[in-house]
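Visitor: Structure below; questions to follow.
The values are calculated or read from the model by the stated rules, or taken from the named source; none is laboratory data. None of the values given here were measured: they were computed from a predicted structure. Because the Cβ atoms are built from the backbone with ideal geometry, glycine has one as well, and the counts that use them run over all protein chains shown. Accessible surface is based on the protein model in full, side chains and every heavy atom, while ligands, DNA and RNA are left aside. Shrake-Rupley method; radii C 1.70, N 1.55, O 1.52, S 1.80 Å.
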Amino acid sequence: MNSAYYQYICSGTAHALARQKRAKEVLQQPELLADLAAFASDLANPNLHKALWIIELVAITKPTWVLPYLPQLLAVAPNYTHESAKRAFSNTLAKLCLAKLIPENLEEATLELSMQWLIQLEKTVPKVMAIRMLYHYHSRFPWVVEPLRDLMQKDFSIQSPGLQNTIRKISKLLAQEGK
């Protein structure tokens, strides 16, 4: 990776304008996405979440641009420890999943990561995105319904209001389908 670009990404802040500026630069120079994916895949990098912030914003505008790097990111995502990295990647993955862009050979890895996010003590966003992705795949992979129901009901009363709302919506959809 270009060390100047590496330093540039490291110097970025969480401010929306700073993230948007860097994402705009990637949209103008798509070759930078390869560096960002490498940056986000280096688990020894304490700033990998900053690359994931930018990838997340790129995925909103040009989701197909992220697809070549998805296997690389999915391989390391279960090991992300930074909450902001998990949040950004869960948003990116959900965006691709709900747009039906996840390649068939990566669907199971997506399901496994979603289950991991639900089982572990994650913050709200990765759990919400996991529930949405698991529901998205429930007709293709019927085996996810029971674990999804069980995990949604686990400690429901102590979950955040946003997570409770998502659980209610998905539970209602599953009930309407008779599953």
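Visitor: Among the residues of the stretch 76-111, what is the count of those that are open to solvent by 10 Å² or more (accessible area, probe 1.4 Å), part of a helix (DSSP H, G or I) and within 26 Å of Asn47 (Cβ to Cβ)?
Guide: Selection size over the stretch 76-111: 11.
For (1) within 15 Å of the chain's Cα centre (by Cα); (2) not aliphatic (A, V, I, L, M), each residue gets a yes or a no:
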position	(1), (2)
Lys21	no, yes
Lys62	no, yes
Leu111	yes, no
Leu121	no, no
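Visitor: For the condition part of a helix (DSSP H, G or I) and in contact (Cβ under 8 Å) with a residue 40 or more places away in the chain, what is the one hit in Pro126, Pro147?
Guide: So the residue among Pro126, Pro147 that is part of a helix (DSSP H, G or I) and in contact (Cβ under 8 Å) with a residue 40 or more places away in the chain is Pro126.
Visitor: Any residue in the stretch 108-123 that's of a type in the set (D, E, K, R): show its pairings with residues that are open to solvent by 10 Å² or more (accessible area, probe 1.4 Å) at Cβ separation under 7 Å, as long as the two are six or more apart or on different chains.
Guide: Glu122/Lys86; Lys123/Glu83; Lys123/Arg87
Visitor: Scan the stretch 81-105 and report the pairs whose first residue is closer than 11 Å to Val125 by Cβ and whose second residue is of a type in the set (Asp, Glu), with Cβ atoms within less than 6 Å and a gap of 6+ or a chain change.
Guide: Partner pairs satisfying both residue conditions: Ala88/Glu56; Asn91/Glu56.
Visitor: What are the residues in the stretch 40-66 that are out of contact with any Gly (no Cβ under 9 Å at 6 or more places or on another chain), among the charged types (D, E, K, R) and either in a helix (DSSP H, G or I) or open to solvent by 80 Å² or more (accessible area, probe 1.4 Å) (or both), if any?
Guide: Selection gives Glu56, Lys62.
Visitor: What single numbered condition from (1) at pLDDT below 85; (2) open to solvent by 40 Å² or more (accessible area, probe 1.4 Å) fails to hold for Glu122?
Guide: (2)
Every residue, every condition in (1) open to solvent by 40 Å² or more (accessible area, probe 1.4 Å); (2) more than 19 Å from Leu113 (Cβ to Cβ); (3) basic (Lys, Arg), yes or no:
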position	(1), (2), (3)
Arg140	yes, no, yes
Val144	no, no, no
Pro147	yes, no, no
Ile158	yes, yes, no
Pro161	yes, yes, no
Asn165	yes, yes, no
Arg168	yes, yes, yes
Lys172	yes, yes, yes
Ala175	yes, yes, no
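Visitor: Go through the stretch 31-74 and report how many residues are polar (S, T, N, Q) and touching a His at 6+ places or on another chain (Cβ under 8 Å).
Guide: Total satisfying the criteria: 0.
Visitor: Return a yes/no flag: does the stretch 41-53 have any residue that is among the aliphatic types (A, V, I, L, M) and free of Cβ contacts under 8 Å to residues at least 24 places away in the same chain.
Guide: So far as the stretch 41-53 goes, yes, one or more of its residues are among the aliphatic types (A, V, I, L, M) and free of Cβ contacts under 8 Å to residues at least 24 places away in the same chain.
Visitor: Now, a different point. In this structure, is Arg140 without any contact (Cβ under 8 Å) to a residue 60 or more places away in the chain, over 30 Å from Gly12 (Cα atoms) and not in a helix (DSSP H, G or I)?
Guide: So Arg140 passes the test.
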